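The values are calculated or read from the model by the stated rules, or taken from the named source; none is laboratory data. In this text the structure is predicted, and so the values were computed from the model without any measurement. Every residue, glycine as well, gets a Cβ built from its backbone with ideal geometry; the counts of neighbours run over all protein chains shown. Surface accessibility is based on the protein's heavy atoms, side chains included, excluding ligands, DNA and RNA. Shrake-Rupley method; radii C 1.70, N 1.55, O 1.52, S 1.80 Å.
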Amino acid sequence: LVVLAVHPSQPGLRRAELSVGLLGVDRTHVALVGASPRRWPRPVEQAAGPLLRQSREMGRVTCFPADRGLAISGLTPEAVPPAITAAAARLLALVKGLSCS
């Protein structure tokens, strides 16, 4: 199983589509870092191809909210924001479940 970390931009989604195509939908999980698909501008939404849409339908996409502090400083001794911890916990649970099947 491969987790693809993707910034939701036109080039990011095009690269993710190609990567999912090369690796296979069943072998990939997409971690979207930034705005959730509901908030994407139309051109970004249109950059998501059929494989990314299929991944979303199959529950193989986890959205991580953007965090300015982490984007600037990276991980520090400070606590990770709860929204990011929650997304990471969901991703871990999905990956553990997917890798066992």
For the chain, the accessible surface attributable to carbon and sulfur atoms (probe 1.4 angstrom, ligands and nucleic acids excluded) amounts in percent to 59 percent
Sorted list, accessible surface of protein heavy atoms, 1.4 Å probe, largest first, for ILE72, ILE84 is ILE72, ILE84
Zone reached by a paramagnetic label modelled 7 Å from LEU23 Cα along Cα→Cβ, restricted to segment 64-80 with backbone N below 18 Å, covers 64
Heavy-atom accessible area of GLU78, protein chains in place, probe 1.4 angstrom, given in Å² to nearest 10, is 140 Å²
Of the candidate values (i) 0.97; (ii) 1.02; (iii) 1.00, the one computed for Rg/Rh (Cα atoms, Kirkwood Rh) from this structure is (i)
Surrounding charge for LEU51, neighbours by C-beta under 14 angstrom, Lys/Arg +1, Asp/Glu -1, total +3
Residue-normalised value, i.e. accessible area per residue, for the chain at 1.4 Å probe, in Å², stands at 65 Å²
Residue span SER9 to ALA86: 0.36 nm per residue of separation minus Cα-Cα distance leaves a gain in nm of 25.4 nm
Reported to the nearest 10 Å², LEU51 has, with a 1.4 Å probe, an accessible area equal to 50 Å²
With all protein chains in place and a 1.4 Å probe, THR76 shows an accessible area in Å² (nearest 10) of 70 Å²
